[in-house]
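Trainee: Take a look at the following structure, please.
The values are calculated or read from the model by the stated rules, or taken from the named source; none is laboratory data. None of these values were measured; they are calculated from a predicted model. Neighbour counts are summed over all protein chains in view; Cβ atoms, including those assigned to glycine, are modelled from backbone coordinates with ideal geometry.
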Amino acid sequence: MLKEQLKDYHIILASGSPRRQEFFKGLDLDFEVRLKPIKEVYPESLRHFEISDYLAQLKSVPFKNELQPNDILITSDTIVWHNEKALGKPESSQEAFDMIKSMSNQTHEVITSVCFITIISEKTIHDITKVTFKALTDEEIWYYVNNFNPLDKAGAYGIQEWIGQIGVTHLEGSFFNVMGLPIHLVYKTLNEIVKNQKTV
């Protein structure tokens, strides 16, 4: 399986997200978490998946000069796209409330981009999932905001948490993508990278 194919590689996951780290543990892969601070700013001209692609690639920049021949660096970014704008992580409880309120009784898109870099290759993938919320009451939104931690999540919510359990009525695409990583595509891409490296 994939773990055996990657035995000669060193996977570096540049993400502090406990959810993404759990996904890699779930794949039964050996990996190192390595973090470097970066300012997540993107050009205003970018739209939709261009934003998450750009940010995932931006997060890889501080690592590029230190990669070893057997390293595979993985960086990622998730945004919520709604009403023609990107919703990132809220900076206050009020902003979290406003974000969720804007998505109430509507459908939005969750976009996650993942960048894979070795010393000889670079590839960025992304996945898009459509999520529909029921009409949420103000009381329900405030209950979630006050009792969970929406400030560390794009779009101010985690689908695996209470708000997702009681509020999501329809999902089109990968559930895990909404949690922060299209793990099926990560698995597929890592397999492709190993095959391509062997033919170089």
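Trainee: Within the stretch 133-147, how many residues are of a type in the set (A, V, I, L, M, F, W, C) and assigned to a helix (DSSP H, G or I)?
Mentor: The qualifying residues number 3.
Trainee: Criterion first (of a type outside the set (Val, Ile, Thr), exposed (fewer than 15 other Cβ atoms within 10 Å of the Cβ) and farther than 19 Å from Asp152 by Cβ) does Gln68 satisfy it?
Mentor: Yes: the conditions hold for Gln68.
Trainee: Pick from Thr124, Thr189: which is in contact with a Cys (Cβ under 9 Å, 6 or more places away or on another chain), among the polar types (S, T, N, Q) and surrounded by fewer than 21 Cβ atoms within 10 Å (Cβ to Cβ)?
Mentor: Being in contact with a Cys (Cβ under 9 Å, 6 or more places away or on another chain), among the polar types (S, T, N, Q) and surrounded by fewer than 21 Cβ atoms within 10 Å (Cβ to Cβ) holds for just one of Thr124, Thr189, which is Thr124.
Trainee: Out of (1) touching a residue at least 60 places away in the same chain (Cβ under 8 Å); (2) touching a Ser or Thr at 6+ places or on another chain (Cβ under 8 Å); (3) farther than 30 Å from Arg34 by Cβ; (4) aliphatic (A, V, I, L, M), the odd one out for Ile163 is which?
Mentor: Condition not satisfied by Ile163: (2).
Trainee: Now for a different question. Identify the single condition in (1) modelled with pLDDT of 95 or more; (2) out of contact with any strand residue (DSSP E or B) (no Cβ under 7 Å at 6 or more places or on another chain); (3) closer than 30 Å to Lys64 by Cα that Glu139 does not satisfy, given that it satisfies every other one.
Mentor: Failing condition for Glu139: (3).
Trainee: Restricting to the stretch 148-193, give me the number of residues that are farther than 19 Å from Ser76 by Cβ, β-branched (Val, Ile, Thr) and assigned to a helix (DSSP H, G or I).
Mentor: 2
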